[in-house]
Amino acid sequence: MLLRVAVSPLGPEVNAALGIGFGGLEAVTWPLFWGLSMALSSVVGRSLGAGRRDLAVRAVRLALPLSLAAGMVAALTFGLAARPLCGLFTSDPLVLANAVLYARVLAWSQPFVAIEALCEGVLEGAGDTAAVLWWSTPINVLRIPLAWGLAIALGMGAGGIWWAINLTTMAKALGKGGVVLRGRWRSVVV
């Protein structure tokens, strides 16, 4: 729906830029973040299952700086090397301009993506998949009207779509982070 409502009306260059950003750049960072998340999920689940909440909490504390560091590296890479990275995927000047904008805008959310993935790992490892669902699905759906509003209604163009993705990613990370900080996941019987 995001493609139909907000991306496609802006033209094939924006659609191609989304493909480069999502399928090229974030296809590298997301698996890294998700790999850390799945490793943490396994440790949290095993620790809670063994009745060792202390080990689950320790694992989260150890994984947090690693995830944040990966998110910061991704942010700096997207922000500082946007043009050469996107240039690997296209030589079309309009596509390149939109893809560079995507990379530079999405650079701001990469630490949040890393934290969101990490928090999902904690919650899934603890068996609290409902929290993941409630902090993911509605906010992802919100991207559609928000992207349209920013890109089309307010005339921000592709940048509006990229910021809609950013803002919703940040909201998901903060929501899932809040659930993890509240700590009820520590009491789940696995």
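Data overview
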| quantity | calculated |
| --- | --- |
| Check on G21, modelled with pLDDT under 95 and not in a helix (DSSP H, G or I) | no |
| Residue count, the range 110-158 (criterion: farther than 26 Å from R58 by Cα and in a loop (DSSP other than H, G, I, E, B)) | 4 |
| Identity of the residue in the range 76-112, among the polar types (S, T, N, Q) and free of Cβ contacts under 8 Å to residues at least 60 places away in the same chain, that ends up farthest from L10 (Cα to Cα) | T77 |
| Count - residues of the range 145-190 that are closer than 23 Å to V95 by Cα, β-branched (V, I, T) and either buried (at least 17 other Cβ atoms within 10 Å of the Cβ) or free of Cβ contacts under 8 Å to residues at least 60 places away in the same chain (or both) | 2 |
| Residue in the range 98-133 that is modelled with the lowest pLDDT, counting only those that are polar (S, T, N, Q) and more than 13 Å from the chain's Cα centre (by Cα) | T129 |
| Filter pass, F89 being of a type outside the set (D, E, K, R) and within 21 Å of V7 (Cβ to Cβ) | yes |
| Filtered residues of the range 16-52 (kept if under 15 Å from S187 (Cα atoms) and surrounded by fewer than 17 Cβ atoms within 10 Å (Cβ to Cβ)) | R46, G49, A50, G51, R52 |
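The values are calculated or read from the model by the stated rules, or taken from the named source; none is laboratory data. This is a predicted model, so every value here is computed, not measured. Because the Cβ atoms are built from the backbone with ideal geometry, glycine has one as well, and the counts that use them run over all protein chains shown.
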